[in-house]
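The structure under discussion appears below in the form of structure tokens.
Values quoted throughout were computed directly from the atomic coordinates according to the rules given, and no laboratory measurement underlies them. All figures in this text were calculated on a predicted structure; none of them were measured in a lab. Cβ coordinates were reconstructed from backbone atoms using ideal geometry, including for glycine residues, and neighbour counts include every protein chain displayed.
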Amino acid sequence: MANTFQLVGQLVLIVGSDPDDGVDIVIGSASVPYSIANLAIALSSPNQTVNPNTFVGIQPGAMVPAASTIKYVVNTATLVLTAQGVAAGVYNGVNDLPAGFTPLTVQLNYSGGIQNVDLGFISFFDGTDAGANANCIFTVFFDLMTTMRVLSAGNNSYFTPPASFVDGRYPGASAIDLFNNGYGFEFVDNDFPDENLLSLDYLNITGTYEIVQQQTTIPPITVQNTLPVQAGDPITINDTSGTLEGVSSIILTPATGSPITVPFDSYYIITQIPNQLVFYLPIGFGTYTGPLTITLVGNGIEFSGSVTAGTVTVSFADGSGIYVLQDNQPYDDLYLRTQITTIQELFLQLDEDLSNSFAIKSEENSDFYSQLTYPRAVLAQSEEDELDSFSLIGALSNATLTNTVPIPSPFIKTSFLPPA
Amino acid sequence: MAVRDHQGIPLTAFNGLWQRGNPDTVPVDHFSDCNNIDYFGRSSFQTRPGIAISQTVKVPLSNVKRVYNYPTQSANTLIVLTIDPVTGNGNIYHVVNTSIVYGPILTINGMTDFAFVPYAGRGYISPFTDYINGALTFQSGMASQFLYVYAGDGTPARKAAGAGLAGNLTIADGVGGFTTPGFRVFGIVSQTVSGYQSPPAALTSFTTDGTSVSIGNIPTSGDPYVTTRFLVSTLAIPSGSYTGDLSAQEFFFVPNAVINDNTTTFINNVSFYDASLLDDASALLNNLTQVPAGAVMCLYHNRLIVAATNTDISLAYVSLPGQPEAFDQIAGLIVVPLDGNPISNAQEMRDVLYLFKRSRTVSYADNNGNPSSWPLVVIDPALGTSPHGIATVLDSGGVNVDAMIIATYQGISRFNGVYITPELTWKIQSFWQGLDFTDSFGKIQMVHSPVQKKLYVVLPSRNLLVGNYANGLDYKNIRWAPWSVRQSISTVAIQNITDIILGADIF
């Protein structure tokens, strides 16, 4: 059994010949003249054997404007979905439908009449004109945009469309059109206000649908960087499914603090091809060190929504300071302040006959520390006569080194060059 | 496809970035986008120069927020603000060269920026910070903070100006000598090492009998920067006109009654006639004893201007000529018409003082009267700039060839008394107007290197925008190029004519 839907709807009377510029009047509004009240009565009439919500009509005596449209508005209608375990339920309007709802076919059924009244689906009565004098025109729209059929009839005529028709019979009309634009009739009476009866038999709109799960997984997107990154480092994302050209935004979310959106411009996006996206890690994370979740946002073409590409670890390295532009230097030299550096070395107490070697070793170590380019302090140093089997020498420092990096992405883009 | 017959389009000129309107309309001799390129020659370009570290010390300054040139008598040095990310303390250092750093010479918690004016070898420092008004971020002097003066020698900066001495003099007739007989009021004016003279204090009345006078119990100052004290006196006050108010008098410096130290407590046998009392000291009575910090400072006619204080964002204090710490709190004020925005910059050009707000430019001209009497002229009611939005020309202010280069909301414009349009950034109008100025207009800083014929602009995005005007300083011929750096560029300065100094912070 296919998934089916039924529209249990709401009618709108649109005043004006053009469905798009008319004034929408929702049934039940007490502030509008014409037949709204009568319609309400009709809808609640105990004589109605059909679902009152599917019956529409304007009772005798109700005045219908010279040019009107009655429109079945789907986007605010109640929609009843039945399904094989998928999305069954009652929904209030199109916007309330479950994600991925896609109508496949639609049927507009006119399967009966009002009790004791043998009217067709649509009928009208011209109170004074008759025969050749009648001059009323019905235009039946599938979606108020695509003309299905035009009927010009005389007095006391009725028009019955086919008992049912399905999506695709009329070019340009589709089930999706119905949901987007509704269904309705345009009524033009060139002898207005003679006519005083317009009646629509009950209408039942049903169809089939499916839930199209557009939530595609884009595996496997992988972040190539395995080592910690710092501001200005390129981050490479690979994707074997080839959807990375559809990325329109990159959001970087730290474990603490606010997310940062990578400016999607030529300065930050180095490469964007279907299988690879390379961008510079922007500044803005301050002293944060920790994981950074990379979320890719689609442009709605290759994919929509967002997908988590993975995480990288940000390692804060303080490169701030005073710099000077250096002509003819094809790279940037940056300060690189590392975290605390500790140097430890174990000394093994030696036999007497190896004491000379020990002395030499100590001297070498002394030279080693003195040659370090950054400040250091000896935390503990055992005197020779206090040496146990092991002793510890440590150096603690906030080292400032330099880091040579390429100048980020020098490039030009020419103007649009017309054909010669 | 007939490739054989294809005729190439020779690109013979590269006139820089063009980001204005539809990208399809970029002229063929311009770039629709570019980054990190440097123009040279008439129509060539190459990768921008690299940046190198500027300090060789073992612990270079970090988290640099602002750099100013500080020309001293012997060198062109730098004054640098850093912020400790842990404590929030703003620390100002004096970077003498690549290996010598003094400081911090001033530490203030919460200081995120400062104004700086070098004067006679000293440096005047005014700490300021951001404040938010609605959706916009402005700058004004820090609350409960003041103007500081730095001697330039590594000693800590101290609060400018100062209060008068306290105490009462002991006065007696001297031995021999002469004075004009009569009732008068004596007082002491102290002077700091930077030349600031305090209001007359320790006021004491005495009637001279025609002989000299000897003054004792002269107070010393707790301020170690006080180096000199002067004796001041009124003319003989006619009988019946003295109201009993010691300070409501007109004081004059007594010739040769000077104590050139801060320890001596007496001066004996001072002789003078009233006719010799010519050097008026009365104006010192109205001096501010401490000058509130402002976001704006400049020099005009040898006067120091301090504007946009925390409590009076449209007020500018104007010092006495040649006395950058002496601000007359009555006559030394200028009030720019109030519009809810603070004064954001100040600059002298062609003998006229221009004051700026973010979207307003006014001028005042020295009429040889008190600053409060200087006439106001509204130059532009729509265009203004930010605290660092006037391009510094080398290390000497913002005027070059009779014009300033100013960053406004509409773009970067030359200003020669009026804003010249089209603006210099006309070709990159979309780029400029795409910048986020909501809370970052104050982050823009510009320097102008006439020797290199380049403008360097620090953008709110913490990258650089560089304009090369070797082909002409006008909107058609200037060639623009954005420069990006891995670090967050927060400030720029020029040292030694051509050295472009960049400051990077933690962001």
Seminar exercise, completed: Exposure-ranked with fewest Cβ neighbours within 10 Å first, B:LYS427, A:LYS413, B:LYS476, B:LYS65 stand as B:LYS476, A:LYS413, B:LYS65, B:LYS427
Exercise. Normalised by the number of residues in chain B, what is the relative contact order in percent for Cα pairs under 8 Å and 6+ residues apart?
Worked result: 13
Seminar exercise, completed: Counted neighbours (other Cβ, 10 Å), sorted fewest up, put B:PHE40, B:PHE507 in the order B:PHE40, B:PHE507
Problem set entry | Taking B:LYS443, B:LYS159 and counting other C-beta atoms within 10 Å, the order from fewest to most | B:LYS159, B:LYS443
Exercise. Where the centre of each part is set by its Cα atoms, how far does region B:311-374 sit from region A:242-297, in angstrom?
Worked result: 47
For this session: Take the Cβ-Cβ distance between B:ASN496 and B:ASP245 as r, set R0 to 56 Å, and report the resulting FRET efficiency rounded to the nearest 0.05.
Result: 0.50
Exercise. How high is the relative contact order of region B:344-443, in percent, counting Cα pairs under 8 Å that sit 6 or more residues apart?
Worked result: 20
Problem set entry | Contact order normalised by residue count of region B:378-507, Cα under 8 Å, 6+ apart, percent | 20
Problem set entry | When each of A:LYS413/B:LYS453; B:LYS65/B:LYS159; A:LYS413/B:LYS357 is checked by Cα-Cα distance, pairs over 31 Å | A:LYS413/B:LYS357
